[in-house]
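J.: Handing you this structure, nothing more for now.
The values are calculated or read from the model by the stated rules, or taken from the named source; none is laboratory data. No experiment lies behind these values; they were computed from the predicted model shown. Here the Cβ positions follow ideal geometry from the backbone for every residue, glycine too, while neighbour counts run over all protein chains shown.
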Amino acid sequence: MANLRCESVTPGLRASEAVAAFTDLHGRKHFIRVERDFLSSKDGSSYLPIGIVHVDRKSTCVLIELPHEAETGANRLWVKPEQLDELVEEYA
């Protein structure tokens with residue numbers, strides 16, 4: 001499973017929750033509320049676990065699937081490969 005780097009993490013409705021924010025390929029900001037311990041941290045950044053659906057061979061952009069619907073209504077969206085915690089070669 002890959003991880004998406006969050007731009008920011010703010011408190012949720014309860015102490016155990018957090019709201020992670022990130023931007024998609026088109027510059028739209030998305031927010032997703034998760035349990036705080038669902039996020040991981042590495043090198044001072046927070047990461048959200050996501051699924052890789054497809055990697056575009058031409059642009060190398062990555063179609064990801066979020067763990068559940070974001071507050072914008074998105075379940076799947078395109079992101080830049082640099083937003084992931086590891087390089088993604090190619091998926092089916």
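J.: In region 54-75, what residues are surrounded by 15 or more Cβ atoms within 10 Å (Cβ to Cβ) and under 13 Å from Phe22 (Cα atoms)?
T.: Ile64, Leu66, Ala70, Ala74
J.: Find all pairs meeting these conditions: Cβ atoms under 6 angstrom apart; at least six residues apart or on different chains; first residue within region 36-53 and closer than 21 Å to Asn75 by Cα and surrounded by 16 or more Cβ atoms within 10 Å (Cβ to Cβ); second residue of a type in the set (Asp, Glu) and at pLDDT below 95.
T.: Every condition considered, the pairs that remain are Tyr47/Asp85.
J.: Is one or more of the residues making up region 2-20 touching a residue at least 12 places away in the same chain (Cβ under 8 Å), surrounded by 10 or more Cβ atoms within 10 Å (Cβ to Cβ) and in contact with a Cys (Cβ under 8 Å, 6 or more places away or on another chain)?
T.: Looking through region 2-20, at least one residue is touching a residue at least 12 places away in the same chain (Cβ under 8 Å), surrounded by 10 or more Cβ atoms within 10 Å (Cβ to Cβ) and in contact with a Cys (Cβ under 8 Å, 6 or more places away or on another chain).
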